[in-house]
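To keep things clear, I will list the structure first and then write my remarks on it.
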Amino acid sequence: MIIVGVESTAHTFGVGIVTDKGKILANVKDSYSSKDVGMIPHEIAEHHEKVAEQLLKKAFKSAKVEWEDIDLLAYSAGPGLDPVLWKGYNIVKGWAEKHHQKIVGVNHCCAHLSIGKLWNKLKDPVYLYVSGVNTQIIVQEQKKKGEGKYHVLGETLDIGLGNMLDKFGRIVGLGFPAGPKIEEVAKKGKYVELPYIVKGMDVSFSGLLTKAQQLVERKQAMKEDLCFSLQETAFAMCAEVAERALAHSGKKELLLVGGVGANKRFCEMLDLMCKERGAKFYKVPMELAGDQGAMIAWEGFLRKDSYGDMKVNCQWRADEV
């Protein structure tokens, strides 16, 4: 069985092709970016419309397949930016009607979890899902007949870690997306004290952002020092709640997924925490850390009998799957 997956929840449009054995045949994408503003939904939708056909052709060429080889079309139904989700849905719907394909809508967050689990060949990890909008600690019920419901043990109370970094990046002129640039600038910085906000299993990042912005505006701290300190503080907060989740659940594996998982310093801190408590840390390679189509294709295969053409749901949570 061969599945095509289309990612279209935010600034990235991706097309991935996988087999029912989990082999990735193709995984191509193109992302909207801007120098001094964040994500403008109508501009992102226009970007996706522009690149969709060429990415599909590129993916088919890379996978060496034709439409008659495809068994299923999967698309990201949510959560995400509503106008962008609808653009992706309409593109996929058009392809499906033209080529007589069945389509299945899948949860974007769960797709990150399932591709990470597949790649690392894990059975029952604690998931730390950290992307632009999302920062969550998730576990999944284990049943005799397969896997059960996802449960969110903790999450951000305001903005996601990735969005916090992007907002600060715009404040100091690093453009969008800012995460990779902040990681680079942080290497030259020293620690400045910022608010550390952990409430049980939940975290809050808005206070860090506000304090960092104040220090910039008052010229009381260098950009390099604030990039370093934002990372160290936010990553330590995530490491604390991840460790608490391992302790509460009794699980021995921590899996980091989502775009912020590409940050090497973040992985370093989580790996150290896991080693200190006798657990194992896992991540995904760079090409699977951010948003992409392969994860949507694999999640589509897993959910082919549970979901179908469900249009979009911009607020669809992982614990509703």
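Read-outs throughout are calculated quantities, based only on the coordinates presented, and are distinct from any laboratory measurement. Since this is a predicted model, take the numbers as computed values, not measurements. Every residue, glycine among them, receives a Cβ derived from its backbone with ideal geometry; neighbour counts consider all protein chains shown.
Summary of computed values
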quantity: Where the Cα pairs of the stretch 239-321 fall when distances are cut into 10 Å bins, in %; calculated: 14, 37, 32, 16, 1
quantity: Neighbour-limited loop hits for chymotrypsin sites (Phe, Trp or Tyr not before Pro), the stretch 251-321 (at most 13 other Cβ within 10 Å; DSSP other than H, G, I, E, B); calculated: none
quantity: Cβ charges +1 (Lys, Arg) and -1 (Asp, Glu), total dipole of the stretch 1-114, debye; calculated: 280
quantity: Percentage relative contact order, the stretch 124-285, counting C-alpha pairs under 8 Å, at least six apart; calculated: 26
quantity: Antiparallel content of DSSP bridges confined to the chain, in %, to 5; calculated: 60
quantity: Selection from Leu25, Gly132, Cys109, by position along the positive dipole direction of the stretch 1-139 (Cβ); calculated: Leu25
quantity: Cα-centre dipole for the stretch 124-285 with unit charges at Cβ (Lys and Arg positive, Asp and Glu negative), debye to 20; calculated: 180
quantity: Segment Ser306-His99, extension gain: residue separation times 0.36 nm, minus the distance between their alpha carbons; calculated: 72.3 nm
quantity: Estimated dipole of the chain in Debye, rounded to 20 [Cβ of Lys and Arg +1, of Asp and Glu -1, Cα centre]; calculated: 620
quantity: 37 °C / 0.692 mPa s Stokes-Einstein diffusion coefficient of the stretch 124-285, Kirkwood radius on C-alpha pairs, µm²/s; calculated: 205
quantity: Percent of C-alpha pairs per 20 Å bin, the chain, short to long; calculated: 34, 56, 10, 0
quantity: Phi to ³J(HN,Hα) by Karplus 6.51 cos²θ - 1.76 cosθ + 1.60 over the stretch 165-178, Hz, x for Gly, Pro; calculated: 5, 5, 5, 5, x, 5, 4, 9, x, 9, x, 10, x, 9
quantity: Amide H contacts under 5 Å for Gly154, placed H, 5+ residues apart; calculated: Ile137
quantity: q = 0.13, 0.14, 0.29 Å⁻¹: log10 I(q)/I(0) that the Debye formula gives for the stretch 106-156, counting C-alpha atoms only; calculated: -0.30, -0.34, -1.34
quantity: Rounded to 5, percent antiparallel among DSSP beta bridges of the stretch 124-285; calculated: 60
quantity: Helix 206-217 vs. the chain, principal-axis angle (Cα, 0 to 90°, nearest 10); calculated: 60
quantity: For the stretch 52-90 versus the stretch 265-321, the gap between their alpha-carbon centres in whole angstrom; calculated: 19
quantity: Lys190/Thr19 FRET efficiency (R0 35 Å; Cβ-Cβ; nearest 0.05); calculated: 0.10
quantity: Within the stretch 33-160, percent of DSSP bridges classed antiparallel, to nearest 5; calculated: 70
quantity: Residues Glu287 and Lys64, FRET efficiency given R0 of 25 Å [Cβ-Cβ distance, rounded to 0.05]; calculated: 0.85
quantity: Computed E for Gln142/Gln213 - FRET, C-beta separation, R0 41 angstrom, nearest 0.05; calculated: 0.40
